[in-house]
Amino acid sequence: MNLFKWARTKSPWIIHFNTGGCNGCDIELTAALTPRFDLERFGILLEGSPRHADVLVVTGPVTLQVKDRLVRIYEQMPEPKHVIATGTCAISGAPFKECYNVHGGIDIVLPVDAYVPGCPPKPEAIIDGISKLIQKIKKE
Amino acid sequence: MGLDYAAVEKEVCKKMTAETIVSMIRILVFPGALFLFTLAFFYEWVDRKFFARLQNRYGPLHTGPHGILQPIADFFKLLSKEDITPHASDKLVFILAPIFYFALPLTTLFVIPILSQTSLISFEGDLIFVIFAFTLIIITVFLAGWSSINRFSTIGSMRAAVQMLGYEIPMGLVMVGPAIAAGSLSISRIVEWQSLNFWLILLQPLGFAVFTVCLLAELQFVPFDIPEAETEIVAGWRTEFSGRKLALLRLGRDLELVLASALITSLYLGGSQQFWLIPPIVIFLVKTTFAVMLLSLLRAVFARFRIDQMLSGMWKYLLPLAALQIILIQLGLGG
Ligand code: SF4
């Protein structure tokens, strides 16, 4: 494995974006960063700016309002970039699926690399999702 | 007239090349650039790890033994990423700012004695040069944020400039303390003086405290991370930087951390001095590691100030304390 690929698998920085979920997934994602689970063990940092991040972690369904903004955040990230859909909402729209203001899951607007199901998924599940994404980067 | 000019010339050239090679190695490898890069990465790891342990976390763990390679992984990852220059930005300044931000602390580190009691470059007045370099670093920060033409960057860079007005004067004032005690404006001379007398932290504890607080502000560490306040203005003045530029900015920050800890060590903790059979470099590394841990301890136990609180606190409390320290030295205490 070459140096740059090694570096990419060892330091995936995430940016967190809630597209209109109920906040349950956000709390679980934050919990994954706190002392009990401590994502920094794997070199994962939460970044504020999309320009610094490698992985876009989306929670919530795509609403009519947020669609353009989600795409814009994604486009602001530098290549190579990845998307993780966290929670059933982000995967399919789940409880909000039939709503008048909802498009559905994230994958109708962005290419998604990993799905983390659950409503909300446990922090362990989120860590598992990120590690699967890292496996995927390794195989590229 | 029997001089063989060609032979003499050859001899002189040989001597000069040997000298150039030695000084090149000293500047580029040890204790110059390459050594300082390694030290910068190592101290970032010390800082992150210690910070995490204080928060009851583990910090970087799986990249190399105990995560020691984590800063290097971050650096190479950022190097391999796409390098975006925003369309609206002031391109020249935007490209040059990270280079300056990384080159300035590196250059400044050359005047600090690391290997022995004299530094690579030492002249009377290099303490003034260090104060000047600190100002230049903040001006670079200001230009970096300003040239991005991003609203968050602009706010961040304005805050950085305003913050400089707060801590610059107490820091400059208090750095004169060791100079008065040693009777010299050269850092190497101050270190030498301390090896003959006491460590200055014993003589000027007040100065040491003020200097540490000002360094926290200079490094933009937590109580004073106002210019890049993550929860308020995205990433402050660094918002628009990505890829290689961000890698340089991070390396620059690490070098600044090395510079700060090296200054604490040289001005107050006796610098790199021989101790029984232990070589000065080892003593220097132990002391700077201690200084880095002190800085990250302070980073972990405080919460962020507002910019106005920071400014008024600096002018109301830190400046009088710094002046008091100088007055005490003039009265014959601690000098
Ligand atoms: S998946 Fe469940 S917990 Fe997560 S945002 Fe949607 S409704 Fe809330």
Give, rounded to the nearest 20 debye, the magnitude of the charge dipole that the stretch A:1-73 has about its Cα centre when Lys and Arg contribute +1 at Cβ and Asp and Glu contribute -1 at Cβ. 260
Restricting to the protein assembly as shown, what percent of DSSP beta bridges are antiparallel, rounded to 5? 20
Quick one: go through the stretch B:115-154 and flag any residue whose amide nitrogen is under 11 Å from the point 7 Å out along the Cα-to-Cβ line of B:Leu294. none
Is the stretch B:191-335 rounded, prolate or oblate when judged by the Cα gyration tensor, a ≥ b ≥ c being the square roots of its eigenvalues, rounded requiring a/c under 1.5 and prolate requiring a/b larger than b/c? oblate
Roughly how much of A:Thr30 is accessible, in Å² to the nearest 10, using a 1.4 Å probe? 70
Taking springs between alpha-carbon atoms closer than 10 angstrom, which of A:Gly20, A:Gly48, A:Gly105 fluctuates most in the Gaussian network model of chain A? A:Gly48
Give the distance, in whole Å, between the Cα centre of the stretch B:193-216 and the Cα centre of the stretch A:86-140. 54
By how many nm would the segment from B:Leu324 to B:Glu124 grow when fully extended, if each residue of separation counts as 0.36 nm and the alpha-carbon distance is taken off? 69.4 nm
Name the most mobile residue of B:Ala97, B:Ala229, B:Ala73, meaning the one with the largest mean-square fluctuation, in a Gaussian network model of chain B with Cα contacts below 10 Å. B:Ala73
Kyte-Doolittle at least -1.0, axis length at least 18 Å by Cα - qualifying DSSP helices, chain B: B:5-28, B:33-54, B:91-109, B:126-147, B:151-182, B:205-219, B:243-268, B:280-301
Take the eigenvalues of the Cα gyration tensor for the protein assembly as shown, scale each by 5, and report the square roots as semi-axes in whole Å, largest first. 46, 27, 21
Kirkwood hydrodynamic radius over Cα pairs of the stretch B:110-186, then Stokes diffusion coefficient at 25 °C and 0.890 mPa s, in µm²/s: 173
Round to the nearest 0.05 the FRET efficiency obtained for B:Thr20 and A:Val71 when R0 = 51 Å and r is the Cβ-Cβ distance. 0.35
With the crude spin-label approximation of a point 7 Å out along Cα→Cβ, what separation in nm comes out for A:Glu124 versus B:Thr85? 5.0
Would you work out the charge dipole size for the protein assembly as shown about its Cα centre, treating the Cβ of every Lys and Arg as +1 and the Cβ of every Asp and Glu as -1, and quote it to the nearest 20 debye? 660
If you average 1/r over all unlike Cα pairs in chain B and invert the result, what Kirkwood radius do you get in angstrom? 21.2
Checking understanding here: applying a Kyte-Doolittle mean of at least 1.6 and a length along the axis of at least 18 Å (C-alpha), which whole DSSP H helices in chain A pass? none
In terms of the Cα gyration tensor, with a ≥ b ≥ c the square roots of its eigenvalues, is the stretch B:1-92 rounded because a/c is under 1.5, prolate because a/b exceeds b/c, or oblate? oblate
Restricting to Cα pairs under 8 Å and 6 or more apart, the percent relative contact order of the stretch B:33-330 works out to 28
If each of B:Ala103 and B:Ala33 carries a label point 7 Å out from its Cα toward its Cβ, how far apart are those two points in nm? 1.1
Please check: in the Gaussian network model of chain B (C-alpha springs, under 10 Å), which one of B:Met171, B:Met24, B:Met16 has the largest mean-square fluctuation. B:Met16
Cα centroids of the stretch A:1-73 and the stretch B:262-335: how far apart, whole angstrom? 37
Test item: Cα-centred dipole of the stretch A:29-140, Lys/Arg +1 and Asp/Glu -1 on Cβ, debye: 60
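The values are calculated or read from the model by the stated rules, or taken from the named source; none is laboratory data. Fair warning: this is a prediction, and the values are worked out from it, not measured in the lab. Cβ coordinates were reconstructed from backbone atoms using ideal geometry, including for glycine residues, and neighbour counts include every protein chain displayed. For the accessible areas, the whole protein counts, side chains as well, though only heavy atoms, and no ligand, DNA or RNA atoms are used. Shrake-Rupley method; radii C 1.70, N 1.55, O 1.52, S 1.80 Å.
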